[in-house]
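One structure is given here, and the rest of the page talks about it.
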Amino acid sequence: MEIRKIIEIDEDKCNGCGLCIPNCPEGALQVIDGKARLISDLFCDGLGACIGQCPQEAIRVIEKEAEPYSESKVMENIVKRGKNTIVAHLRHLKEHNEMELFDEAIRYLKANNQENPLSDEEAGKVLEDAPDSRDRLPCGCPGTVVMNLREKEAENKSGASAFASEKKTVAANAGLKVKNMDSEPEKIEKNLKQKTDRKSRLGQWPVQITLVPSNAPYLRNARLLIAADCVPFAYAGFHEDMLDGKILLVGCPKLDDSEFYLKKITEILRQNDLKSITVAHMEVPCCFGMLGIVRQALKDSGKDIPVEEITIGIKGNVIT
């Protein structure tokens, strides 16, 4: 044991939102029993990268007697989580000028025949393109980055237009004839439009109940669609008839953890003023559990929100 800097979490202030966790590349934090916990002194470097992401101001850095920080133990944990996590950790050490720990991390990679992502040709691109951990869920997976796809769609259209305009200007300045300077995204969009006029109505990401943060911005004043996993596959008009204008949550009431779903949906209802809830499930008996979960969540949350039920047959027909 030694006296060193380490984080301390005020459990009375912590609401278990988990925003601190993806900002700890060392993997020292987990949400347990509804509170963020420091799972091991060994993993906490005491640099406090998690502090600025806590909306409750429940985390602070203190000096106390603790197990010495172990860079090798941390790297053993980090390597399992993939290249972007390794990059985030190495960058974290460099930003705090912890070059001794940085060198130890590099030595660990070499000793374990792991690629050093900062030394290859694409290092700059990896650092630039690694998803912003502030928008991820506690699992830290880049695929859980919270996105409002309707905003992204507007940005992409604007960006593609500007890119095409720039290409035309460059070509004109070079004395070239401009016939078709469409960007690659525009070409793909044109090809899709030639095949079908249908477009995705999905307005946000992620969609799994497990992955959607209960305080995600797009949940505020939303019309919520909670769909059992099989519904979008069975019902051909899912996007146009059910999803359009709604925020989507999907899950399986039979195969997944229904108790977790109940807690998660209850928390979503408590934290957001939803306009309506639509529950879409299959006709098979085990799928009706989704409606029961939502009704219990409403009761537990104390909210009074209108609920519509849609039952889909296994042949894709609407039953109710």
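Conditions tested, residue by residue: (1) of a type in the set (Gly, Ala, Ser); (2) closer than 18 Å to His239 by Cα; (3) out of contact with any Phe, Trp or Tyr (no Cβ under 7 Å at 6 or more places or on another chain).
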residue: Gly251; (1), (2), (3): yes, yes, no
residue: Glu267; (1), (2), (3): no, no, yes
residue: Asp273; (1), (2), (3): no, no, yes
residue: Gly302; (1), (2), (3): yes, no, yes
residue: Glu309; (1), (2), (3): no, yes, yes
residue: Gly316; (1), (2), (3): yes, yes, no
residue: Thr320; (1), (2), (3): no, yes, yes
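Say whether the condition of being within 29 Å of Ser214 (Cβ to Cβ) and at pLDDT below 85 is met by at least one residue in the range 92-108. Steps first, please.
So the first thing to find is which residues in the range 92-108 are within 29 Å of Ser214 (Cβ to Cβ), and the list is 92.
Narrowing further to those that are at pLDDT below 85: 92.
Within the range 92-108 (the criterion being within 29 Å of Ser214 (Cβ to Cβ) and at pLDDT below 85), the answer is yes, since at least one residue qualifies.
Within the range 248-271, is even one residue touching a Leu at 6+ places or on another chain (Cβ under 8 Å) and over 15 Å from Leu298 (Cβ atoms)? Please lay out each step first, then the result.
Here is the first cut: in the range 248-271, the residues touching a Leu at 6+ places or on another chain (Cβ under 8 Å) are 248-249, 265, 268-269, 271.
From what's left, over 15 Å from Leu298 (Cβ atoms): 248.
Scanning the range 248-271 turns up at least one residue that is touching a Leu at 6+ places or on another chain (Cβ under 8 Å) and over 15 Å from Leu298 (Cβ atoms).
Taking the conditions exactly as written (in contact with a Cys (Cβ under 6 Å, 6 or more places away or on another chain), assigned by TED's automatic domain parsing to the domain that holds Val31 and buried (at least 16 other Cβ atoms within 10 Å of the Cβ)), does Ala58 satisfy them or not?
Values: in contact with a Cys (Cβ under 6 Å, 6 or more places away or on another chain): yes; assigned by TED's automatic domain parsing to the domain that holds Val31: yes; buried (at least 16 other Cβ atoms within 10 Å of the Cβ): yes.
In short, yes.
May I ask you to list the residues in the range 268-320 that are assigned to a helix (DSSP H, G or I) and among the β-branched types (Val, Ile, Thr)?
Within the range 268-320, Ile268, Ile293, Val294 qualify.
Look at the range 197-254 and say how many of its residues are in a loop (DSSP other than H, G, I, E, B) and not acidic (Asp, Glu). Full working, then the answer.
Keep residues of the range 197-254 that are in a loop (DSSP other than H, G, I, E, B), which gives 197-203, 206-207, 209-216, 220-222, 229-230, 235-237, 244-246, 252-254.
Then drop every residue that is not not acidic (Asp, Glu), which leaves 198-203, 206-207, 209-216, 220-222, 230, 235-237, 245-246, 252-254.
Summing the residues that are in a loop (DSSP other than H, G, I, E, B) and not acidic (Asp, Glu) in the range 197-254 gives 28.
Quick check, is Asp229 of a type in the set (Asp, Glu), closer than 25 Å to Ile319 by Cα and either crowded, with 19+ Cβ neighbours inside 10 Å or in contact with a strand residue (DSSP E or B) (Cβ under 7 Å, 6 or more places away or on another chain) (or both)?
Values: of a type in the set (Asp, Glu): yes; closer than 25 Å to Ile319 by Cα: yes; either crowded, with 19+ Cβ neighbours inside 10 Å or in contact with a strand residue (DSSP E or B) (Cβ under 7 Å, 6 or more places away or on another chain) (or both): yes.
In short, yes.
Restricting to the range 209-226, and then to whatever is over 18 Å from the mean Cα position of the chain (by Cα) and surrounded by fewer than 22 Cβ atoms within 10 Å (Cβ to Cβ), can you tell me which residue is farthest from Arg295 (Cα to Cα)?
Asn221
Which of the following residues is under 30 Å from Arg270 (Cβ atoms), of a type in the set (D, E, K, R) and assigned by TED's automatic domain parsing to the domain that holds Lys94: Lys80, Lys64, Lys73, Lys13? Steps first, please.
Working: Lys80 fails: under 30 Å from Arg270 (Cβ atoms); Lys64 fails: under 30 Å from Arg270 (Cβ atoms); Lys73 fails: under 30 Å from Arg270 (Cβ atoms).
Just a single option satisfies the conditions, and that option is Lys13.
Quick grid of which residues meet (1) in contact with a helix residue (DSSP H, G or I) (Cβ under 7 Å, 6 or more places away or on another chain); (2) of a type outside the set (A, V, I, L, M):
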site: Lys13; (1), (2): no, yes
site: Cys17; (1), (2): no, yes
site: Glu26; (1), (2): yes, yes
site: Leu38; (1), (2): no, no
site: Leu42; (1), (2): yes, no
site: Gly48; (1), (2): no, yes
site: Lys64; (1), (2): no, yes
site: Glu71; (1), (2): yes, yes
site: Val74; (1), (2): yes, no
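Taking the range 252-282 on its own, how many of its residues are among the aromatic types (Phe, Trp, Tyr) and more than 19 Å from the chain's Cα centre (by Cα)?
Keep residues of the range 252-282 that are among the aromatic types (Phe, Trp, Tyr), which gives 260-261.
Still in the running and more than 19 Å from the chain's Cα centre (by Cα): none.
Matching residues across the range 252-282 total 0.
Which ones in the range 262-320 are closer than 16 Å to Leu219 by Cα and among the acidic types (Asp, Glu)?
Within the range 262-320, Glu267, Asp273 meet the criteria.
Going by what's in this entry, would Leu42 be described as in contact with a Ser or Thr (Cβ under 7 Å, 6 or more places away or on another chain), more than 27 Å from Ser214 (Cβ to Cβ) and at pLDDT below 75?
Against the criterion (in contact with a Ser or Thr (Cβ under 7 Å, 6 or more places away or on another chain), more than 27 Å from Ser214 (Cβ to Cβ) and at pLDDT below 75), Leu42 qualifies.
Could you please find all residues in the range 30-71 being touching a residue at least 60 places away in the same chain (Cβ under 8 Å), under 20 Å from Glu98 (Cβ atoms) and not in a helix (DSSP H, G or I)?
Step one: filter the range 30-71 for residues touching a residue at least 60 places away in the same chain (Cβ under 8 Å), giving 30-31, 53, 63-69.
If we keep only those that are under 20 Å from Glu98 (Cβ atoms) too, we end up with 53, 63-64, 66-69.
Once the filter is applied, which keeps residues that are touching a residue at least 60 places away in the same chain (Cβ under 8 Å), under 20 Å from Glu98 (Cβ atoms) and not in a helix (DSSP H, G or I), the range 30-71 yields Glu63, Lys64, Ala66, Glu67, Pro68, Tyr69.
Can you name the residue in the range 72-85 that is free of Cβ contacts under 8 Å to residues at least 40 places away in the same chain and part of a helix (DSSP H, G or I) and, of all such residues, is farthest from Lys5 (Cα to Cα)?
Step one: list which residues in the range 72-85 are free of Cβ contacts under 8 Å to residues at least 40 places away in the same chain, which gives 72-73, 75-76, 79-80, 82.
Next, only the ones that are part of a helix (DSSP H, G or I) stay: 72-73, 75-76, 79.
Details: Ser72: 18, Lys73: 18, Met75: 19, Glu76: 22, Val79: 24 Å.
The extreme case among them is Val79.
Of all residues in the range 1-26, how many are surrounded by 15 or more Cβ atoms within 10 Å (Cβ to Cβ) and assigned to a loop (DSSP other than H, G, I, E, B)?
The first filter runs over the range 1-26 and keeps only residues surrounded by 15 or more Cβ atoms within 10 Å (Cβ to Cβ), leaving 4-7, 9, 14-26.
Narrowing the set further to residues that are assigned to a loop (DSSP other than H, G, I, E, B) leaves 14-20, 24-26.
Summing the residues that are surrounded by 15 or more Cβ atoms within 10 Å (Cβ to Cβ) and assigned to a loop (DSSP other than H, G, I, E, B) in the range 1-26 gives 10.
The values are calculated or read from the model by the stated rules, or taken from the named source; none is laboratory data. From a predicted model like this one, the values you see are computed outputs, not experimental measurements. Quick reminder, even Gly has a Cβ in these numbers, built from the backbone with ideal geometry, and neighbours come from all protein chains shown.
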